[in-house]
Amino acid sequence: MSIAKDAKDLAKGMLQGLMGKAVAMAPDSWIPGGEPDPLIRVRHGHVGKPVSRIDGPLKVAGAAPFAAEFPMEGMVYAALVYSTIAKGRILAINVAQAEAAPGVRAVMTYRNAPRIARPPVFMSDQKAAGGDDLPVMQEDFVRWNGEPVAVVLADTQEQADHATTLVAVSYELETPMTDFASAKDAGTRTAVFMGQALHQEIGDAEKALAAAAFRVDSHYSTPRHSHNAIELHAVTAAWIGGVLRLHDASQLVAHTAWSLGQMFGIPEDKVVVTSPFVGGGFGGKCLWQHQVLASMAAKLVGRPVRMVLSREGVYRIVGGRALTEQRVALAADAEGKLKAVVHTGTTAKTASNMMAEPFIVATRSMYESETFKLDVQVVELDMLANTFMRAPGEAVGTFALECAMDELAEALDIDPVELRIRNEPEMDPTSGLPFSSRNVVEAWRTGAERFGWSRRSAVPGTVRDGEWLVGMGCATGTYPYYRMPGGAARITLNAEGRASIDIAAHEMGMGTATAQTQVAAERLGLPMGAVSFHYGDSTLPGVVLAGGSQQTASIGASVIAAHRALVKELLAMAGNDSPLAGLKPDEVASRDGGLCRIDDPARHETYVSILSRAGKGSISAEGEAPMPLETQHWSMHSHAAMFCEARVNSVTGEVRIARFLGSFDCGRILNPKTAASQLRGGIIMGLGLALMEETQFDERNGRIVNASLSEYHVPVHMDVPDIDLIWTDIADPHTPMGARGIGEIGITGTAAAVANAVYNATGKRIRDLPITLDKLL
Amino acid sequence: MRPFRYSRAVDVADAVRLAGSPGARYLGGGTNLVDLMRETIEQPDALVDVTAMPGEIEETPEGGLLIGAAVRNTALAEHPAVRTRYPVLSRAIVAGASAQIRNMATLGGNLLQRTRCAYFYDNHGSRCNKRQPGQGCDALEGFHRNHAILGASAACIAVHPSDMAVALAALDAVVHLQGRNGSVRSLPVTDLHRLPGERPDVDTLLEPGELITAIELPPLPATLRSTYRKVRDRSSYAFALVSVAAVLDIADGEIRDVRIALGGVAHKPWRATRAESVLRGGSGTAAAFAAAADAELAEARPLPGNAFKIELARRTIVAVLRELAGDSA
Ligand SMILES: Cc1cc2nc3c(=O)[nH]c(=O)nc-3n(C[C@H](O)[C@H](O)[C@H](O)COP(=O)(O)OP(=O)(O)OC[C@H]3O[C@@H](n4cnc5c(N)ncnc54)[C@H](O)[C@@H]3O)c2cc1C
């Protein structure tokens, strides 16, 4: 799907003209001793420019097709009936009345649904996409409150919705485990995340804690959260000549195609998943039951099926963030040097998924300490499988850790910014690896200066503006650099000198297509308008997850590999009659719409000339990104110094955020405009985490009670203050483009900065999120 | 949603005639009723759209206002006479919902909107005596942070969600009604809604098919000050945890008249008559305001999840009265 073609920015990009910078080929790995990506040195090209989204005009015009907007011949509409118990057997489903309702084509239940295999659960295989591994409408058994038990298929959405109300289900209830406290009493287990036990001890932290001159030891808790992307989960599915065709809203098209192939017992190339536009993902737009049910239903009725979840439907079948109970204990000497860091606690998952909210991950690399004790325990509940949500682990883990740092700063009578700087590690404190690039101190200093931190009163509850108590707080945010195996891309150059990049990546609204067009143009020595970026299609190369903030690096590394392959083929094609004759790939660079010798740019031939002399219409090369060995050699993390000014009403306890500043050290910024939106969006979501988000999960029966945006609160415009953003823009020499992902870091540290500001305003420590006014009365 | 018939009434007589069958319901802006129909909590077989009924905002001979039931919330809040003479009403309306919803919502529909108790809304998955009498109440031992502290029963602890109705209660507004048989009557707005008792399924004292035709605001002396304060979980677009509408006439430190109504605390807009009688004729001091709030809240019966509302209501009442008293206190 090319969006550049349709965008008005195209013309603008053309006018920007040729760059006249020679960009040598990047190494295809960044292991020690290797060369950094030469793009890092290019300072006045496309990269780093605040280019507006190339898909902006399309979206503003309403012309960008989302998953629910692909019309298909003979399509029927689906609506779901959800279970109302958490565990038990379906005794009877009466569908006769629904089947007889106007427009209804069929009602699918476990009795007539096509037989398929269980979903491959995410992290069980490189391409596994499933939120859980439970059978999808195959049995008369219900495993969570809200599980789909019937799908109504009708000629219109309204007819389908109406007919769902005519389906009557009766159950034989079994006793579910839906109560966190009871589950804990029955015993916890050490959590495992990405194959590793979430447990680490260095020295004897409890002993160091007991012996220390200064210590804090507190418990924190965070509630469940539900995914609330603006775009409802939606899919249009059809079987066309043995191929399953899905228009999805997805952050993992290749994974989804493979996983559905496994479930339906067909090769993955018989499943085509496209997802050109996604209205927000945040970890929630993966493979849940709706895509599977729509595919099954399409098979059952022999027609294309569109399934758009209602907002309630998203709460019922798309997992969210699990709750956590955390203990953080810190010990320090009189200078504030940490002697012990204890971060332990418990979270909940299901028996059918592999995701334990890893709230200790940020603590592993934040501060120097002599001893560590890190541990996550987990219980399994009968509930909708929990899942990834923006900065899983870090978002809630930094709340506990960074509130504890604030408590320690007060106990020590040391400024909280200063305390953090004093504990800045030389190397990763738990892995012992060197940092690839770490400039937290700079972020702290510039942030504090710009925010006016020195004006903060160290004594809580002393600044008042009428009814309002005013306070400032700060916290560190952090998110790692990831790059997952599986990246691959194809570059095609045509006879007019235009390039297209093909990769099965995703645009969920964050500006991927824009930033990656900038990068590719730079790398190829082309104007932006001559590059089109094709993505969101499982038939394109690569297995690229838009998650873990790793997509930018994964695409970057893949395009680098494809570029190397392309240059090799171009040189072969150029032959002996070219100014490039005799040059090796490592001796040439892309420049001015062609290739040149690095140290003699006059030896240059354009792509157009090479192709036309060879009589070729186009040339295409594919490359695979190398294994992400860089993460084995370095500790790779972005950081943020977060500053918050909060106002708390002394009469009502209402909290309002007056100002917020994020000072980031997150590698090179590829596009300040789209980056700022990502960082700001993360902070806004962090404000919601701090002040209002909470899934009300009724522990008596596992029912989500506030399954609507009117009862589940996210920040409204008036809750969002001016958010000031600055960044170091220091390139990481060990990543493609010097960049690290920025999609998630904004939400980290934010809740702690808010809680610490609330404390500074009122003298009240709220350790239980969200910070609602009743806790401050 | 179930299939239904739709018709549009041209005037009051037409409306009550069209709504003659037992399964018929009046349709205002539809911002509440249509949601409830989608959830199949309401299942009317006929809707009578009353938004085309004539009826604007008119001066009454006594110096008050007569407001047609179909007047939109936005139009009412922005009306110059309302803004200048009844600021409590303007403020209460704009404190509710969103601009889009207020543009649709009507005066009659706003008054008769139903509770936002999440168990009431969860038609298939939860028990609710208001939805289905005798079924039981899942809120009692479930999530009830938003629920009633005053006047609740063992059967129901839901609250009435309207902000506007709280202001109308403080203004001693009168509801004009017309019955199916053409009979006309009027009720003080404070008598329109009822407490849940054993019949939480019945929200109001309206007869079946009875139509709200207008609301009358009595005149307010120019010396009266009024305001509305709403306390909620975010800056906008959230229902009240507690709200206070108050009207105060104070001179030389002495309270000549006071009317207080509370929102978010009961099954109906809660007129704080006990607090008023403590204050009337007394002095407008902070201590008196606190004593009045305490007198009103002495009857509060909280549950574990909503006990904070007592303190919140107390503080908000005092703050609102102090604000209205201003320098006169
Ligand atoms: C997300 C959301 C947030 C909201 N937040 C708030 C808030 O913060 N504060 C607040 O106060 N409200 C809030 N509301 C509720 C909103 O104010 C009501 O939905 C609205 O006022 C209802 O008016 P309507 O005309 O649309 O009523 P309708 O939905 O049309 O009707 C409601 C009821 O009134 C009956 N009815 C209508 N007109 C008459 C009449 N003339 N005579 C007799 N019966 C009649 C109908 O039959 C129906 O039973 C919110 C609503 C939503 C959806």
Could you say whether any residue in region A:758-766 is crowded, with 22+ Cβ neighbours inside 10 Å and among the basic types (Lys, Arg)?
no
Quick check on B:Arg259: is it farther than 20 Å from B:Ser162 by Cα, surrounded by 16 or more Cβ atoms within 10 Å (Cβ to Cβ) and among the basic types (Lys, Arg)?
no
Quick one: in region B:55-81, which of the residues that are part of a helix (DSSP H, G or I) and within 16 Å of the ligand (Cβ to nearest atom) is surrounded by the fewest Cβ atoms within 10 Å (Cβ to Cβ)?
B:Glu78
Which residues, counting only those in region A:694-710, are at pLDDT 95 or above, polar (S, T, N, Q) and within 14 Å of the ligand (Cβ to nearest atom)?
A:Asn706, A:Ser708
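Residues are listed down the side, and each one gets a yes or a no for (1) crowded, with 24+ Cβ neighbours inside 10 Å; (2) small (Gly, Ala, Ser); (3) away from chain B (no Cβ under 14 Å):
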residue: A:Arg591; (1), (2), (3): no, no, yes
residue: A:Asp600; (1), (2), (3): no, no, yes
residue: A:Leu629; (1), (2), (3): no, no, yes
residue: A:Trp634; (1), (2), (3): yes, no, yes
residue: A:Thr652; (1), (2), (3): no, no, no
Apart from one, (1) within 14 Å of chain B (Cβ to nearest Cβ); (2) among the hydrophobic types (A, V, I, L, M, F, W, C); (3) surrounded by fewer than 24 Cβ atoms within 10 Å (Cβ to Cβ) all hold for A:Ile730; the odd one out is (1)
So which strands (runs of 3 or more DSSP E) are wholly in region B:136-252 and hold at least 1 residues that are surrounded by fewer than 17 Cβ atoms within 10 Å (Cβ to Cβ)?
B:184-188, B:242-251
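Yes/no matrix, rows are residues, columns are (1) at pLDDT 95 or above; (2) farther than 24 Å from B:Pro44 by Cα; (3) out of contact with any Asp or Glu (no Cβ under 8 Å at 6 or more places or on another chain):
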{"site": "B:Ala158", "(1), (2), (3)": "yes, no, yes"}
{"site": "B:Ala169", "(1), (2), (3)": "yes, yes, yes"}
{"site": "B:Pro188", "(1), (2), (3)": "yes, yes, no"}
{"site": "B:Gly197", "(1), (2), (3)": "yes, yes, yes"}
{"site": "B:Val202", "(1), (2), (3)": "yes, no, yes"}
{"site": "B:Leu206", "(1), (2), (3)": "yes, no, yes"}
{"site": "B:Leu211", "(1), (2), (3)": "yes, no, yes"}
Out of the residues in region B:82-117 that are more than 8 Å from the ligand (Cβ to nearest atom), buried (at least 23 other Cβ atoms within 10 Å of the Cβ) and within 14 Å of another protein chain (Cβ to nearest Cβ), which is farthest from B:Glu216 (Cα to Cα)?
B:Cys117
Among the residues of region A:747-777, count how many are among the polar types (S, T, N, Q) and either within 14 Å of another protein chain (Cβ to nearest Cβ) or within 30 Å of A:Ala675 (Cα to Cα) (or both).
4
Can you tell me how many residues in region B:131-151 are closer than 26 Å to B:Arg234 by Cβ, touching a residue at least 60 places away in the same chain (Cβ under 8 Å) and charged (D, E, K, R)?
1
Tabulated pairs, region B:49-72, first on the phi > 0 side of the Ramachandran plot, second within 15 Å of the ligand (Cβ to nearest atom) and in a loop (DSSP other than H, G, I, E, B), C-beta under 7 angstrom, 6+ apart or interchain
B:Gly55/B:Ala69; B:Gly55/B:Ala70; B:Gly55/B:Val71
Among residues of region B:149-167 being within 16 Å of the ligand (Cβ to nearest atom) and within 14 Å of chain A (Cβ to nearest Cβ), the residue farthest from B:Ala77 (Cα to Cα) is B:Ala158
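Residue-wise test of (1) at pLDDT 95 or above; (2) more than 28 Å from B:Leu205 (Cβ to Cβ).
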site	(1), (2)
B:Ala246	yes, no
B:Asp252	no, yes
B:Arg301	yes, no
B:Ala319	yes, yes
B:Arg322	yes, yes
Exactly one condition in (1) away from every other protein chain (no Cβ under 14 Å); (2) in contact (Cβ under 8 Å) with a residue 24 or more places away in the chain; (3) of a type outside the set (Ser, Thr, Tyr) is false for B:Leu187; which is it?
(2)
Criterion: within 16 Å of the ligand (Cβ to nearest atom) and either touching a residue at least 24 places away in the same chain (Cβ under 8 Å) or touching a Pro at 6+ places or on another chain (Cβ under 6 Å) (or both) - qualifying residue of B:Ala266, B:Ala275:
B:Ala266
When you scan region B:232-243, do you find a residue that is more than 14 Å from every other protein chain (Cβ to nearest Cβ) and touching a residue at least 40 places away in the same chain (Cβ under 8 Å), even just one?
no
With the condition kept exactly as written, say whether any residue in region A:566-585 is at pLDDT 95 or above and touching a Gly at 6+ places or on another chain (Cβ under 6 Å).
no
Test each condition in (1) under 29 Å from A:Pro276 (Cβ atoms); (2) modelled with pLDDT of 95 or more; (3) in contact with a Gly (Cβ under 9 Å, 6 or more places away or on another chain) for A:Glu605 and report the one that comes out false.
(1)
How many residues are over 19 Å from B:Thr40 (Cβ atoms) and either within 13 Å of another protein chain (Cβ to nearest Cβ) or in contact with a His (Cβ under 7 Å, 6 or more places away or on another chain) (or both) when one looks only at region A:146-172?
2
Against the conditions (1) surrounded by fewer than 21 Cβ atoms within 10 Å (Cβ to Cβ); (2) part of a strand (DSSP E or B); (3) in contact with a Pro (Cβ under 8 Å, 6 or more places away or on another chain); (4) away from chain B (no Cβ under 14 Å), where does A:Asp724 fall short? Just the number, please.
(3)
Suppose the filter is away from the ligand (no atom under 11 Å from the Cβ), polar (S, T, N, Q) and buried (at least 24 other Cβ atoms within 10 Å of the Cβ); does B:Asn129 pass it?
yes
Please verify whether region B:245-252 includes one or more residues that are within 14 Å of chain A (Cβ to nearest Cβ) and within 16 Å of the ligand (Cβ to nearest atom).
no
Quick check on my filter: what residues within region B:276-300 are within 20 Å of the chain's Cα centre (by Cα) and within 22 Å of B:Pro196 (Cβ to Cβ)?
B:Glu296, B:Leu297, B:Ala300
Which residue out of A:Gly487, A:Gly509, A:Gly466 is of a type outside the set (S, T, N, Q) and either within 20 Å of A:Ala761 (Cβ to Cβ) or free of Cβ contacts under 8 Å to residues at least 12 places away in the same chain (or both)?
A:Gly466
Lone qualifier among B:Ala13, B:Ala24 - being more than 8 Å from the ligand (Cβ to nearest atom), closer than 30 Å to A:Ala79 by Cα, away from chain A (no Cβ under 14 Å) and touching a residue at least 60 places away in the same chain (Cβ under 8 Å)
B:Ala24
Kindly provide the set of residues from region B:298-318 that are touching a Lys or Arg at 6+ places or on another chain (Cβ under 7 Å) and facing another protein chain (nearest Cβ under 10 Å), ordered by number.
B:Gly305, B:Asn306, B:Thr316
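The values are calculated or read from the model by the stated rules, or taken from the named source; none is laboratory data. Nothing here was measured: the structure is a model prediction, and the numbers come from that model. Glycine also receives a Cβ, built like all others from the backbone with ideal geometry; neighbour counts cover every protein chain displayed.
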